[in-house]
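Notes follow once the structure below has been shown.
The values are calculated or read from the model by the stated rules, or taken from the named source; none is laboratory data. Note that the structure is a prediction, hence the values are computed from the model and not measured. Cβ sites come from the backbone with ideal geometry, for glycine too, and all protein chains shown count toward neighbours. Just so you know, the surface numbers come from the protein's heavy atoms only, side chains and all, with ligands and any DNA or RNA stripped out. Shrake-Rupley method; radii C 1.70, N 1.55, O 1.52, S 1.80 Å.
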Amino acid sequence: MCSHFQLPPLHKIEKYLKEDLDLPLVPVDFPKEEFKDATEIFPKRKSLVLLYQDDKLQLQIMDWGYPSPFKPNQVLNNARVERFFEPQRSMWDKSFARQRCIVLTNQFFESSRNTYTLSNGKTYHEEFSFKSATQPLTMIAAIYDEKHFALVTTDSNETVLAAHPRMPLVITPNELRKWLFQNFTSLIDRKQVKLTRTLLPHRESV
């Protein structure tokens, strides 16, 4: 799973995609001011996503979370990758088949079931941050529909399991094209993806 993530500044995303990965990213056609700083993104908030559309690799602004068909005013912000391979149809099928995208992050966050008690007597859940151990940015597989996106999740690898049994489907640069354009079955298992885990000090909820 993923409670929230940190979106890098736009200039850092553009540098990584165009200079580090040498990708043909087209110039953005939206005001850059909103994304000039690193920002923590929670469900229902706007974020940047990378997708291939109209024969162009581009960044677009979308809202995190598909509108829930069951509960008005709520969103579904994570989609299990295994759901696409199950016989029963789901609301995610079209997106998994033809509308895949990528969210670039500095790091993502998860709260664990473990708790600790501070000197004031209040009990809190442990919170961890995770990021790529080999890349300056962490890429997470996602799907979209119109102007909404959802992060894709899979079983946690050993690094994330300390916090939660599910994790975002983190992809590496050499897997980017496979996720966007090809059969992605081989990406379900993330055991070999190297992540750095950090236990965070308690902070008041945002």
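So that you can scan it fast, the table gives a plain yes or no per residue for (1) basic (Lys, Arg); (2) open to solvent by 30 Å² or more (accessible area, probe 1.4 Å); (3) in a loop (DSSP other than H, G, I, E, B); (4) modelled with pLDDT of 95 or more:
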site	(1), (2), (3), (4)
58	no, no, no, yes
63	no, yes, no, yes
69	no, yes, yes, no
72	no, yes, yes, no
83	yes, yes, no, no
89	yes, yes, yes, no
94	yes, yes, no, yes
102	no, no, no, yes
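Applying a threshold of 7 Å to beta carbon distances and a minimum spacing of six or more residues, or different chains, the list of pairs starting in the range 37-61 at a residue that is closer than 16 Å to residue 101 by Cβ and ending at one that is assigned to a loop (DSSP other than H, G, I, E, B) reads 56/26; 57/23; 57/24; 57/26; 58/26; 59/28; 61/30. The single condition from (1) of a type outside the set (Phe, Trp, Tyr); (2) open to solvent by less than 30 Å² (accessible area, probe 1.4 Å); (3) touching a residue at least 40 places away in the same chain (Cβ under 8 Å) that residue 9 fails is (3).
Go through the range 153-206 and give me each residue that's part of a helix (DSSP H, G or I) and either of a type in the set (Gly, Ala, Ser) or free of Cβ contacts under 8 Å to residues at least 40 places away in the same chain (or both).
Kept after step one, since they are part of a helix (DSSP H, G or I), are these residues of the range 153-206: 158-161, 173-181, 185-187.
158, 159, 161, 174, 175, 177, 178, 186, listed by residue number.
The residues of the range 41-56 that are under 24 Å from residue 77 (Cα atoms) and either open to solvent by less than 50 Å² (accessible area, probe 1.4 Å) or part of a loop (DSSP other than H, G, I, E, B) (or both), listed by number, are 41, 42, 43, 44, 45, 47, 48, 49, 50, 51.
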